[in-house]
1. When the residues of the stretch 132-166 are filtered to those that are over 30 Å from residue 329 (Cα atoms) and within 18 Å of the chain's Cα centre (by Cα), which remaining residue is surrounded by the most Cβ atoms within 10 Å (Cβ to Cβ)?
2. Of the residues in the stretch 268-304, how many are within 16 Å of residue 240 (Cα to Cα) and either open to solvent by less than 70 Å² (accessible area, probe 1.4 Å) or over 22 Å from the mean Cα position of the chain (by Cα) (or both)?
3. When you scan the stretch 62-80, do you find a residue that is touching a residue at least 12 places away in the same chain (Cβ under 8 Å) and within 30 Å of residue 230 (Cα to Cα), even just one?
4. Given the conditions (1) at positive phi; (2) of a type in the set (Asp, Glu); (3) touching a strand residue (DSSP E or B) at 6+ places or on another chain (Cβ under 7 Å), report the number of the one that residue 230 does not fulfil.
5. Might you check whether a residue that is open to solvent by less than 30 Å² (accessible area, probe 1.4 Å), among the β-branched types (Val, Ile, Thr) and without any contact (Cβ under 8 Å) to a residue 40 or more places away in the chain occurs anywhere in the stretch 206-218?
6. Evaluate the stretch 83-93: report whether one residue or more is under 26 Å from residue 27 (Cβ atoms) and open to solvent by 10 Å² or more (accessible area, probe 1.4 Å).
7. Looking for whichever is at pLDDT 95 or above, within 24 Å of residue 91 (Cα to Cα) and surrounded by fewer than 21 Cβ atoms within 10 Å (Cβ to Cβ) here; the options are 333, 312. Which one fits?
8. Within the stretch 167-192, work out how many residues are at negative phi and open to solvent by less than 40 Å² (accessible area, probe 1.4 Å).
Amino acid sequence: MLEDKNQKRTSLAELGEFGLIEHLTKNITINQETTIKSIGDDAAVLDFNDKKVVVSTDLLVEGVHFDLAYMPLKHLGYKAVVANLSDICAMNAKPSQITVSLAMSNRFPLEAIEELYEGIQLAAKIYNVDIIGGDTTSSQKGLIISITAIGEAILDDITYRSGAQPTDLLVVTGDIGAAYMGLQVLEREKQVFQVNPNNQPDLEQYSYLIERQLKPEARTDIKELLSKLEVKPTSMIDISDGLSSEILHICKQSNVGCNLYEDKIPADPQLINVCEEFNLDITTIALSGGEDYELLFTIKMEDFDKIKANPNFSIIGHIVEEKEGNHLITRANTKIPLKARGWNAMTE
């Protein structure tokens, strides 16, 4: 958390908007066959032939979505890309391109924006997506990042939130709740640092949780994995705002209800230990935390045998008729209403 006061700072005003764009994008290479024209013209040109295009945009605002007190700029750039690619994955599509738009105040020198862009370019390289354009402008109140993700899919593969049917199984990838607890650890250490700036935190025992918060990964592997298993999801969504909120989105748009089983929700052992340390209920964290960027989807009952032993998936419940409502079945076998308590950017 200590800042080097002697580092070089190059004012963005020295470059101007077009100079900054040229500086940040000079080393970008194009790898996707669908990218005909990228940066350098009034618009990018893409050719998907007989495939369908899916598009998603997210906006990240300093002080609302991220805190630079503990979020390194390189990690922020990486995470901003991942958050958008996750939305493409949630359509059962393959991400292929992104656009990047930035608004920054004059407190950010060129070197800071370079660090941010390093993270963006690293994510683009790892996930094999092309950066094909964007915009830059000034901001009076800090840093704003807007990324648009573009993906491709065959029409029959595209999965919406609205396809769940009664008796479908409710499935989740990975584990849930770790990213939220990583944020709680970082917020606690920030407060300690503000009281004593010489204090250097030992975060090794929280490494997994912090990584899930600062450097999450998009589940681009799931589309291919499901295809190999010959499983077609009936509905799908990514878990960015909390498990309960995402389940209820599927139920509302599919006009169905659900039973979610508390003892089936997957949690990492480190999460369990830290919830005990913070005296927090692990189920509440899993239901109401966010930013896991795992995928939640439903499958037909007859596909159960295809995924039951796969370590990437946990079957956490099933879909019921709409009139039966949405419920959490507790470890004590008590049935309680499932409420949406996920994160809401408009009320924070």
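1. 151
2. 13
3. no
4. Against the list (1) at positive phi; (2) of a type in the set (Asp, Glu); (3) touching a strand residue (DSSP E or B) at 6+ places or on another chain (Cβ under 7 Å), residue 230 comes up short only on (3).
5. yes
6. For the stretch 83-93, residues under 26 Å from residue 27 (Cβ atoms) and open to solvent by 10 Å² or more (accessible area, probe 1.4 Å): absent.
7. Exactly one of 333, 312 is at pLDDT 95 or above, within 24 Å of residue 91 (Cα to Cα) and surrounded by fewer than 21 Cβ atoms within 10 Å (Cβ to Cβ), namely 312.
8. 15
The values are calculated or read from the model by the stated rules, or taken from the named source; none is laboratory data. The model shown is predicted, which means the values in this text are computed figures rather than measured ones. Cβ atoms come from the backbone with ideal geometry, glycine included; neighbour counts cover every protein chain shown. Areas reflect the complete protein model, heavy atoms only, side chains present, ligands, DNA and RNA absent. Shrake-Rupley method; radii C 1.70, N 1.55, O 1.52, S 1.80 Å.
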